[in-house]
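Undergrad: What follows is a single structure, and I will ask about it in a moment.
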């Protein structure tokens, strides 16, 4: 399939993009997670380009995009940046797929009722910090007692803490052996300073600018169709996805077995079939 890349001017610099596929059905824009964790790990989603354009980009400050300073590390900036991208391509209609933090960005954008947005796919969704922390505490409690205690009380950086943290990530985030090279690229290019500024230096105890962020009460305002996706063992838990589905007026949900936060790697064909079927039903 055709693949081109380039840069788009936005406030503070230039954003890198990769456009896959040919013009056809309604294009899909993919929003990566993090914040600050660039697009590479979403590589399996390139296969969605068989009947539409699929656009990936790295949010300003990470990956292949220009560096930026903390004055631009805001939800408001990233929403404006997304609108700049839509305008750059003159999309009259389009779908959004947000993964993890990308779901919060997609929802923040959708709440502005932008012209042309046809549907949302919220994959492994981070939507609000309070419910994310509740889930994390429940998942931590499910670990062996010594590990759950270490994550609660051990000094960050201690061997006990690091061992318990690896276990948490192995169970509820990655759950991937071997670890894909595309994910390694995202790890390498991640902007840790951006992540720490907005989220914090611990996955389980956010203390960054998103510490009070919560769009859950606003989900009933989203009238367009929504597809919720997550893994059975996802840190973005199936239980929370079910709550989101109840609050959204027009939503469906699918949970992928034997998967955590990256079901598009664990169950690539199933995942892409679910996304493609949803997109085709909304074109």
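The values are calculated or read from the model by the stated rules, or taken from the named source; none is laboratory data. Just so we're clear, the structure is a prediction, and the values are computed from it rather than from any experiment. Neighbour counts are summed over all protein chains in view; Cβ atoms, including those assigned to glycine, are modelled from backbone coordinates with ideal geometry.
Undergrad: If only one of 83, 59, 53 is touching a strand residue (DSSP E or B) at 6+ places or on another chain (Cβ under 8 Å) and under 27 Å from residue 211 (Cα atoms), which one is it?
TA: Values: 83 fails: touching a strand residue (DSSP E or B) at 6+ places or on another chain (Cβ under 8 Å); 53 fails: under 27 Å from residue 211 (Cα atoms).
Within the list 83, 59, 53, the selection yields 59.
Undergrad: Also: Could you say which residue among 278, 264 is at pLDDT 95 or above and within 16 Å of the chain's Cα centre (by Cα)?
TA: Of 278, 264, the one residue that is at pLDDT 95 or above and within 16 Å of the chain's Cα centre (by Cα) is 264.
Undergrad: Okay, moving on. Out of curiosity, is residue 76 free of Cβ contacts under 8 Å to residues at least 24 places away in the same chain, outside any loop (DSSP other than H, G, I, E, B) and surrounded by fewer than 21 Cβ atoms within 10 Å (Cβ to Cβ)?
TA: yes
Undergrad: When both residues are 6+ apart or on different chains and their Cβ atoms are under 7 Å apart, which pairs have a first residue that lies in the stretch 221-236 and is on the phi < 0 side of the Ramachandran plot and without any contact (Cβ under 8 Å) to a residue 24 or more places away in the chain, and a second that is buried (at least 22 other Cβ atoms within 10 Å of the Cβ) and part of a loop (DSSP other than H, G, I, E, B)?
TA: Close Cβ pairs (under 7 Å, with a partner that is buried (at least 22 other Cβ atoms within 10 Å of the Cβ) and part of a loop (DSSP other than H, G, I, E, B)) do not exist here.
Undergrad: Another question, if that's okay. Can you name the residue in the stretch 62-73 that is at pLDDT 95 or above and out of contact with any strand residue (DSSP E or B) (no Cβ under 9 Å at 6 or more places or on another chain) and is also surrounded by the most Cβ atoms within 10 Å (Cβ to Cβ) among such residues? Quick ask: steps written out before the conclusion?
TA: So the first thing to find is which residues in the stretch 62-73 are at pLDDT 95 or above, and the list is 62-68, 70-73.
Filter once more, so that each one left must be out of contact with any strand residue (DSSP E or B) (no Cβ under 9 Å at 6 or more places or on another chain): 62, 70-71, 73.
Values: 62: 26, 70: 12, 71: 8, 73: 22.
Selected residue: 62.
Undergrad: Would you check if residue 194 is surrounded by 17 or more Cβ atoms within 10 Å (Cβ to Cβ) and over 27 Å from residue 274 (Cβ atoms)?
TA: Working: surrounded by 17 or more Cβ atoms within 10 Å (Cβ to Cβ): yes; over 27 Å from residue 274 (Cβ atoms): yes.
Yes.
Undergrad: Further question on the same structure: Which of the following residues is part of a helix (DSSP H, G or I) and surrounded by fewer than 24 Cβ atoms within 10 Å (Cβ to Cβ): 43, 22?
TA: Checking each option against the conditions leaves just 43.
Undergrad: Next question, about the same structure. Is at least one residue of the stretch 96-111 modelled with pLDDT of 95 or more and surrounded by fewer than 18 Cβ atoms within 10 Å (Cβ to Cβ)?
TA: The initial filter retains those residues of the stretch 96-111 that are modelled with pLDDT of 95 or more, namely 96-111.
From what's left, surrounded by fewer than 18 Cβ atoms within 10 Å (Cβ to Cβ): 111.
Yes: one or more hits.
Undergrad: Considering only the stretch 66-73, I want to know if a residue exists there that is touching a residue at least 40 places away in the same chain (Cβ under 8 Å) and under 14 Å from the mean Cα position of the chain (by Cα).
TA: no
Undergrad: Right, something else. For the stretch 115-128, check the following and say yes or no: at least one residue is on the phi < 0 side of the Ramachandran plot, buried (at least 19 other Cβ atoms within 10 Å of the Cβ), touching a strand residue (DSSP E or B) at 6+ places or on another chain (Cβ under 8 Å) and in a helix (DSSP H, G or I).
TA: The answer is no, given that none of the residues of the stretch 115-128 is on the phi < 0 side of the Ramachandran plot, buried (at least 19 other Cβ atoms within 10 Å of the Cβ), touching a strand residue (DSSP E or B) at 6+ places or on another chain (Cβ under 8 Å) and in a helix (DSSP H, G or I).
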